[in-house]
Structure formats: C-alpha cells, structure tokens
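Here the structure comes first, spelled out in structure tokens, and everything after it is commentary.
The values are calculated or read from the model by the stated rules, or taken from the named source; none is laboratory data. All figures in this text were calculated on a predicted structure; none of them were measured in a lab. Every residue, glycine among them, receives a Cβ derived from its backbone with ideal geometry; neighbour counts consider all protein chains shown. For the accessible areas, the whole protein counts, side chains as well, though only heavy atoms, and no ligand, DNA or RNA atoms are used. Shrake-Rupley method; radii C 1.70, N 1.55, O 1.52, S 1.80 Å.
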Amino acid sequence: MDRMSSLQIWMAGALLAGVMLLANTASAQEEVASAIRRYKAYEASTGYYEEYEVLPRRQLPLVSIPGVRRGLFPYSPTAASVRNRSRLADSHLGIKFYERRRCEACHVEQTRDIHTVRANLTCRQCHGGEPVASIAHYYSPLNPIRRHAYVCAKCHEGASASYASYVVHEPAAGSSLARTSFPVLYYAYWFMLVLLVGTMAFFIPHSLLVGLRELFKKKRKPKNADSNAH
Amino acid sequence: MPTATRIKRFTKLEQITHLCLMLAFIIQSATGFARLYITTGWGKKLSYVFGGYDTCLVIHKWVGVLMIVGFVLHTIYMLTRIKWRSPAKSIFGPDSLVPNFQDLKHLGQRILWFFGLGSPPKLDRWSYWEKFDYFAVYWGLPLLAITGLMAMYPLVTSRFLPGWSLNVAVLLHRAEAILAVAYIFIVHFFIGHLRPTSFPMNETMFTGSMDLEEAIEEKPAWVQRLKDEGKLETVLGSPPALWYRVLYFVFGYAIVIFGVYLLINGIIYSRYVALH
C-alpha cells in the first residue's frame with residue numbers, strides 16, 4: 001500500500017513538473033474534433049474582436065531598455081528605428097498615445113493583403129494581445145521557427161514551416177520595396193504587366209486599323225468591284 | 001450554286017470544344033471577378049448570382065478542373081491530327097496552327113495594306129491573328145491551371161515549393177486572368193463581331209463552315225490550295241437552318257454583352273479593390 005501511494009505521489013509530481021516545465025501546446029498540436037470547429041470558427045463567431053482588444057500597459061517609469069528610443073515612433077517605412085524594434089518583447093514599448101491608436105493608424109500597408117481584406121482577420125488574431133512581441137523575438141509565436149505551428153495552423157491545418165514562409169503582408173508587387181524584399185514577385189508582376197500592355201498596345205490598334213480598312217474597302221466596292229486597286 | 005456555297009472549316013468536335021471553352025471561360029471570368037471585386041458593391045452583386053463569395057470559389061474550382069480535363073483531351077486530339085508519317089511537314093504545314101515565317105511576312109504585308117501601301121496578304125487557312133488567338137489560350141490555360149492548382153492545394157504545394165511561391169502563384173493567376181479577359185473581350189470579340197467583314201457576327205465557329213465567296217476574299221491561298229489539291233468539292237457544305245442561326249445569334253450576343261459588362265465594370269471598380 002505504501003509503495004503504491006508513493007508511486008502515485010511520484011507520478012503526480014512528474015505530471016505537475018511536466019505541466020510546469022514543458023511548453024504550451026501549439027495550435028498545430030491541439031486535438032481537432034472537426035474541421036469546422038477550430039479556432040477559425042471560434043474567432044469568426046463574434047466579429048467584435050477589436051472592441052475588447054487589450055490596451056498596452058503603461059511604460060514603467062524606472063525601467064529603461066538600452067538602445068530603445070522613447071517618444072513618438074517614427075513611422076516612415078525607411079526609418080531605421082523601426083528596424084531596431086524587431087527583437088523586442090513589447091515592440092510598441094514607449095510609443096506615446098499608443099493606447100488611443102489603432103494598428104492601421106501606423107501599419108497602413110499591412111492592412112491591404114488577402115488575410116485582412118478578404119478573410120477579415122484582425123491584427124490581434126495572429127499577433128496576439130498586448131504586449132505584441134516583435135516577430136523576431138525569441139518567444140514570439142510569430143517567430144519563423146514556430147510560426148507555422150503557433151499561428152498558421154490555427155486556421156490552416158497541417159501548415160509546415162515551408163507553408164509559413166508565405167508572405168502574409170506582401171509588398172505591393174510592383175513597388176521598389178518588392179524589388180528588394182521580394183524580387184520574384186516584383187519581376188513576375190512586371191513581366192505580366194509588360195505582356196498585358198504589349199499585347200493590348202499591339203492588338204487594339206491592329207483591330208481598329210483592320211476595322212477602318214475593311215470599312216473603306218466595302219464602301220468603295222460598288223464603284224470598283226472588279227479590281228482591288230485603291 | 002445555292003446548295004454548295006459554304007466551305008468546311010471546323011469539325012463538330014472542334015465546335016463543341018469551342019462552345020465548352022466559351023461557357024467555361026465566361027463562368028470563370030464571372031466567378032473570378034466576383035471574388036476579385038468582392039470588396040465593391042458590384043463584386044458583391046455579381047457574387048450573389050453564383051451564390052456568394054464562398055460558392056463562387058467552389059464553382060471556380062470545379063469549372064477549373066473541367067477546363068484542365070478539356071485541355072488534356074484537346075491536346076490528345078491535336079496530337080492525333082498530326083500526320084505522324086511526316087510530322088515536320090504536318091506541324092509546320094499550312095493546315096497547322098503553329099506559327100511560321102510566312103505569318104511574319106503576312107503581318108508586314110497587312111500593316112502596309114492598312115495604310116494603303118500594298119495589297120492584302122494572301123492568307124492560307126489560319127491567319128497570324130487566329131494563330132495568336134489559339135496559342136494565347138493554349139499557353140494561358142496551363143499557366144492558370146498550374147497556379148490555380150497551387151492555390152487550391154497550398155499545403156501540398158508547400159511540400160514541394162517554398163510557401164512564398166504561393167504569393168507568386170496567386171499574382172500570376174490574377175494577372176494572366178486579367179490578360180485573358182481583356183484580350184478576349186476586346187480583341188477577340190471585335191474580330192468576331194464588330195469588324196465590318198464579320199459584323200454582326202462571324203458565324204464560322206457555330207456553323208463549322210464559311211461562305212465560299214468570303215473565303216476567296218479572306219483566305220485566297222487556302223481556297224487555291226484546296227482547288228489545286230482537288231479537295232474543294234469535298235469540303236463544300238450547305239448553309240445552316242434558320243432556327244440554329246437564331247439560337248447562336250442570341251447565345252453569341254448574350255456572351256458578348258455579358259463579357260463587355262464584366263470588362264467595363266472591372267475597369268470602373270478596379271480603383272476600389274482594397275488589395276494593393
């Protein structure tokens with residue numbers, strides 16, 4: 001009896017240690033009862049996601065982070081200080097009036113892709129509540145080492161790391177930004193555009209000239225029915 | 001010659017192929033545009049015709065699969081049309097749709113003729129623009145099929161290609177679709193219906209035959225070749241029945257009107273597609 005109970009205590013202890021020490025289950029690991037009753041269905045249920053999103057905590061007055069600037073966040077796309085924020089646990093730390101802003105007030109370009117426009121996803125559904133970690137932060141769910149399992153798989157069952165390399169916030173395909181950040185997309189876009197414009201630039205005048213020429217030929221026919229001259 | 005004034009141009013199978021392609025193309029354009037423009041009022045209305053945003057995709061996928069099947073069957077059919085005893089002669093011959101140097105010459109002659117600087121080219125069975133029409137579809141379809149299948153099975157695709165290839169696939173699918181729609185609804189419809197020789201409708205694809213006089217004027221080299229080979233009598237046919245003419249006029253114009261409607265609204269509402 002004593003041995004049994006001590007075994008039980010050991011097992012309970014091991015279980016507790018496991019729960020405390022092992023990582024949380026990722027979305028990819030959760031048990032799926034049905035394809036439709038997943039995170040997507042749950043998230044899509046209210047449609048008021050932005051209404052109860054968590055506001056960030058105030059910045060602690062005595063805590064400063066080396067290398068992180070305080071004050072207004074320069075939101076020009078080329079501002080270097082934007083890139084400095086790519087490894088923070090709270091990527092918006094120190095931005096003034098942050099509480100009263102919406103994500104799209106600064107991240108305009110990020111609202112113009114299929115996930116946002118078509119699937120009506122809100123930022124929080126992938127980036128999580130406050131504090132929003134930089135995607136390159138080691139513990140961020142959007143870090144490429146675990147993004148597929150922690151974020152993509154919430155809706156796309158079976159997403160792999162390769163799958164997660166899909167660029168959700170793709171740059172405008174013809175832009176100079178795409179040229180440096182996504183050259184294949186950039187050149188595919190310009191190839192197709194040149195093809196479209198080239199085809200139309202040739203065939204529209206071609207068709208119009210055919211039309212005009214045949215129109216005049218038909219009018220002249222009764223006069224000169226037997227000859228093709230003129 | 002009231003009974004033998006028409007010259008055979010398309011077989012029944014070719015006409016059915018074109019009819020299927022027409023129907024598939026118009027459905028794909030409409031469902032595809034409905035989804036592309038779903039953030040606009042027009043796109044929403046268009047999608048309701050097909051049962052909404054999600055049902056549009058279901059239809060688009062199934063018709064896409066049918067088009068792929070059609071493409072494969074058509075390719076097999078075209079392979080059977082090659083005379084395998086002398087393949088080169090058959091592939092590059094005058095009855096083939098494969099472009100050759102003669103077409104380039106015809107293009108030059110025709111441009112001169114536009115400006116009254118020469119006589120029109122003596123065209124054979126297929127003119128250079130008809131060949132372009134054919135191959136525009138023939139290369140566009142596989143591109144749409146491959147990128148469409150990639151987007152249809154993204155998880156499978158990401159097993160063989162990096163996930164970012166899906167960004168490129170979706171872009172190519174959309175761009176090629178816009179190119180195809182613009183070409184068919186502007187150039188192909190103009191050549192088929194609006195140019196004076198064809199107006200109000202070029203009936204060849206629906207009757208399978210064209211008027212002999214028209215053929216002599218439009219494609220003199222073809223008629224001459226058939227005469228020389230002594231085949232002209234065998235390819236002469238009779239004109240279509242009135243009920244059939246009415247049917248394909250109504251059908252053809254319905255397609256033209258719907259196509260132009262899609263194109264014009266597509267241009268008007270392109271500003272309101274929220275994607276960049």
Exercise. Inside the stretch B:33-48, can you point out the residues that are in a loop (DSSP other than H, G, I, E, B) and open to solvent by 10 Å² or more (accessible area, probe 1.4 Å)?
Worked result: B:Tyr37, B:Ile38, B:Thr39
Exercise. Taking only pairs six or more apart or across chains, which ones have beta-carbon atoms under 7 Å, a first residue in the stretch B:60-75 that is more than 20 Å from B:Tyr134 (Cβ to Cβ), and a second residue that is open to solvent by 50 Å² or more (accessible area, probe 1.4 Å) and at pLDDT 95 or above?
Worked result: B:Val63/B:Ile27
For this session: Return yes or no: is B:Lys12 in contact with a strand residue (DSSP E or B) (Cβ under 7 Å, 6 or more places away or on another chain) and open to solvent by 70 Å² or more (accessible area, probe 1.4 Å)?
Result: no
For this session: Determine whether B:Tyr77 is open to solvent by less than 50 Å² (accessible area, probe 1.4 Å), on the phi < 0 side of the Ramachandran plot and either touching a Phe, Trp or Tyr at 6+ places or on another chain (Cβ under 8 Å) or of a type in the set (D, E, K, R) (or both).
Result: no
Exercise. Residues in the stretch B:233-253: is at least one open to solvent by less than 50 Å² (accessible area, probe 1.4 Å), modelled with pLDDT under 90 and within 14 Å of another protein chain (Cβ to nearest Cβ)?
Worked result: no
Problem set entry | Every residue from the stretch A:165-190 that is open to solvent by less than 40 Å² (accessible area, probe 1.4 Å), within 13 Å of B:Ala175 (Cα to Cα) and among the hydroxyl-bearing types (Ser, Thr, Tyr) | A:Tyr186
Problem set entry | Filter result for B:Ile191 (within 12 Å of another protein chain (Cβ to nearest Cβ) and either open to solvent by less than 40 Å² (accessible area, probe 1.4 Å) or in contact with a Ser or Thr (Cβ under 9 Å, 6 or more places away or on another chain) (or both)) | yes
For this session: List every residue pair whose Cβ atoms sit under 8 Å apart, with the two residues 6 or more apart in sequence or on different chains, where the first one lies in the stretch B:6-20 and is at pLDDT below 90 and the second, anywhere, is open to solvent by 60 Å² or more (accessible area, probe 1.4 Å).
Result: B:Arg6/B:Ser238; B:Arg6/B:Pro239
Seminar exercise, completed: Here the residues within the stretch B:122-134 that are within 12 Å of chain A (Cβ to nearest Cβ), in a loop (DSSP other than H, G, I, E, B) and surrounded by 18 or more Cβ atoms within 10 Å (Cβ to Cβ) are B:Ser127
For this session: May I ask you to verify whether A:Tyr150 is closer than 30 Å to B:Asp133 by Cα and hydroxyl-bearing (Ser, Thr, Tyr)?
Result: no
For this session: Give B:Ile146, B:Ile111 a once-over and let me know the one that is without any contact (Cβ under 8 Å) to a residue 60 or more places away in the chain and more than 9 Å from chain A (Cβ to nearest Cβ).
Result: B:Ile146
Exercise. When you look at A:Pro131, is it of a type outside the set (Phe, Trp, Tyr), touching a Phe, Trp or Tyr at 6+ places or on another chain (Cβ under 7 Å) and either surrounded by fewer than 20 Cβ atoms within 10 Å (Cβ to Cβ) or away from chain B (no Cβ under 14 Å) (or both), yes or no?
Worked result: no
Problem set entry | Complete set of residues in the stretch A:201-222 that are within 7 Å of chain B (Cβ to nearest Cβ) and either modelled with pLDDT under 80 or part of a loop (DSSP other than H, G, I, E, B) (or both) | A:Lys218
Seminar exercise, completed: Just one listed residue, out of B:Pro87, B:Pro94, is farther than 30 Å from B:Val273 by Cβ, over 19 Å from the mean Cα position of the chain (by Cα) and in contact (Cβ under 8 Å) with a residue 40 or more places away in the chain, and it is B:Pro94
Exercise. Taking B:Phe114, is it modelled with pLDDT under 90 and loosely packed, with under 14 Cβ neighbours inside 10 Å?
Worked result: no
For this session: Hand me the list of helices (runs of 4 or more DSSP H) wholly inside the stretch A:92-161 holding 2 or more residues that are touching a residue at least 60 places away in the same chain (Cβ under 8 Å).
Result: A:123-127, A:147-150
Problem set entry | In the stretch B:165-179, residue nearest to the other protein chains (Cβ to nearest Cβ) [restricted to those that are open to solvent by 20 Å² or more (accessible area, probe 1.4 Å) and in contact with a Leu (Cβ under 8 Å, 6 or more places away or on another chain)] | B:Ala175
Exercise. B:Ala151 versus (1) closer than 30 Å to A:Ala153 by Cα; (2) in contact with a His (Cβ under 9 Å, 6 or more places away or on another chain); (3) buried (at least 19 other Cβ atoms within 10 Å of the Cβ): which is the lone unmet condition?
Worked result: (3)
Exercise. Going by the structure shown, is B:Glu213 farther than 26 Å from A:Leu185 by Cβ, among the acidic types (Asp, Glu), surrounded by fewer than 20 Cβ atoms within 10 Å (Cβ to Cβ) and within 13 Å of chain A (Cβ to nearest Cβ)?
Worked result: yes
Exercise. Are any of the residues in the stretch B:210-229 at pLDDT below 85 and either under 30 Å from B:Ala177 (Cβ atoms) or not hydrophobic (A, V, I, L, M, F, W, C) (or both)?
Worked result: no
Seminar exercise, completed: Considering the stretch A:157-170, residues that are within 8 Å of chain B (Cβ to nearest Cβ) and under 14 Å from the mean Cα position of the chain (by Cα), and then whichever is farthest from B:Thr157 (Cα to Cα), we arrive at A:Glu170
Exercise. Can A:Leu193 be described as within 11 Å of chain B (Cβ to nearest Cβ), of a type in the set (A, V, I, L, M, F, W, C) and open to solvent by 30 Å² or more (accessible area, probe 1.4 Å)?
Worked result: yes
Exercise. Can you tell me which residues in the stretch B:90-107 are closer than 21 Å to A:Pro205 by Cα and loosely packed, with under 13 Cβ neighbours inside 10 Å?
Worked result: B:Leu104, B:Lys105
